[in-house]
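Have a look at the structure below before the remarks.
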Amino acid sequence: MSVIIETRGLTRTFQVGDIAVHALSEIDLSVQAGDFVAIMGASGSGKSTFMNLLGCLDTPSAGSYLLDGVQVEGLSRNERAAIRNRKIGFVFQGFNLLPRTTALENVELPLFYDRQNHTKNHRQAAIEALTRVGLADRLDHTPSQLSGGQQQRVAIARALVNRPAIVLADEPTGNLDSRTSVEIVALLQKLNADGVTIVLVTHERDIALYTGRIVKLRDGRIVSDETVTDRRNAAADLTTFREGESEAI
């Protein structure tokens, strides 16, 4: 297995007036290709800061970060933007879809920022990504014509369209009801089984138990890093939801 993420002593300090706030302190973490990792922690634990660093949206104050063979710290803003576009797919709690554009156009969008034009046929790549998440029949629908779960599927397709080295999902079920949350996690489990490497931030242990590994942060440090031994199967849990609905009818 190749290493997709390798951080050593990763630290982020913010200066607030005369006070140095240590949001993240000396984080050592390795993520292998094919891993499905949950990052957990209370508000203020450093998980959002950590995701911003992993996503090349911010730069560390100290330490090193290797992303799929590329040394990230020290890169210019433009270089970080380029590696972000090529190697990272983002999924957000709020979907972040353009409201007046179709699902197909939303998924195509990252391809227009690829200056090296790795993907020649944008439309076909977007269709393939939407088909992969089960939305082949919703290509021309705008976000307002889609349910919350379908909008998140569009966002996942958009994250996949560049065939990134890793998908970073920040509270991807945060705006969804329980059943739809399990549907989205079932999709993520399927993608992971197909070889997609995923790092997911969540504050819900029930969601984290669908991943293969849970990393907990507290006060900017890793306090535990454990394999999930009782991993839940989202597809099986969906069957339970359906049976419950049938009994209600």
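Descriptive notes on the structure:
- Search result, residues across the range 46-74 that are hydrophobic (A, V, I, L, M, F, W, C), under 17 Å from residue 14 (Cβ atoms) and either buried (at least 18 other Cβ atoms within 10 Å of the Cβ) or touching a residue at least 60 places away in the same chain (Cβ under 8 Å) (or both): 50, 51, 53
- Any hit, the range 146-169, residues being in contact with an Asp or Glu (Cβ under 7 Å, 6 or more places away or on another chain), hydrophobic (A, V, I, L, M, F, W, C) and more than 23 Å from residue 85 (Cα to Cα): no
- Taken together, the criteria place residue 153 among residues that are of a type in the set (Lys, Arg), in contact with a Leu (Cβ under 8 Å, 6 or more places away or on another chain) and surrounded by 21 or more Cβ atoms within 10 Å (Cβ to Cβ).
- Test result for residue 161, surrounded by 22 or more Cβ atoms within 10 Å (Cβ to Cβ) and more than 23 Å from residue 6 (Cα to Cα): yes
- Scan of the range 71-100 for residues that are touching a Ser or Thr at 6+ places or on another chain (Cβ under 7 Å) and more than 25 Å from residue 30 (Cα to Cα), ordered by number: 99, 100
- Per-region count, the range 201-217, residues closer than 26 Å to residue 22 by Cα and outside any helix (DSSP H, G or I): 9
- The range 96-116: number of residues that are in a loop (DSSP other than H, G, I, E, B) and modelled with pLDDT under 85: 3
- Residue ID - nearest to residue 132 (Cα to Cα), chosen from residues in the range 164-182 that are of a type outside the set (Ser, Thr, Tyr) and surrounded by 22 or more Cβ atoms within 10 Å (Cβ to Cβ): 167
- Criterion violated by residue 195 - all others in (1) small (Gly, Ala, Ser); (2) more than 21 Å from residue 132 (Cβ to Cβ); (3) at pLDDT below 95 satisfied: (2)
- Any hit, the range 182-200, residues being within 29 Å of residue 21 (Cβ to Cβ) and either among the polar types (S, T, N, Q) or assigned to a loop (DSSP other than H, G, I, E, B) (or both): no
- Residue that is farthest from residue 33 (Cα to Cα) [pool: residues in the range 151-177 that are in a helix (DSSP H, G or I) and in contact (Cβ under 8 Å) with a residue 60 or more places away in the chain]: 152
- Extreme residue, modelled with the highest pLDDT, among residues of the range 117-134 that are part of a loop (DSSP other than H, G, I, E, B) and over 17 Å from residue 189 (Cα atoms): 121
The values are calculated or read from the model by the stated rules, or taken from the named source; none is laboratory data. Remember, predicted model here, so these are calculated numbers, not experimental data. For neighbour counting, all protein chains shown are included, and Cβ atoms are generated from backbone atoms with ideal geometry for every residue, glycine included.
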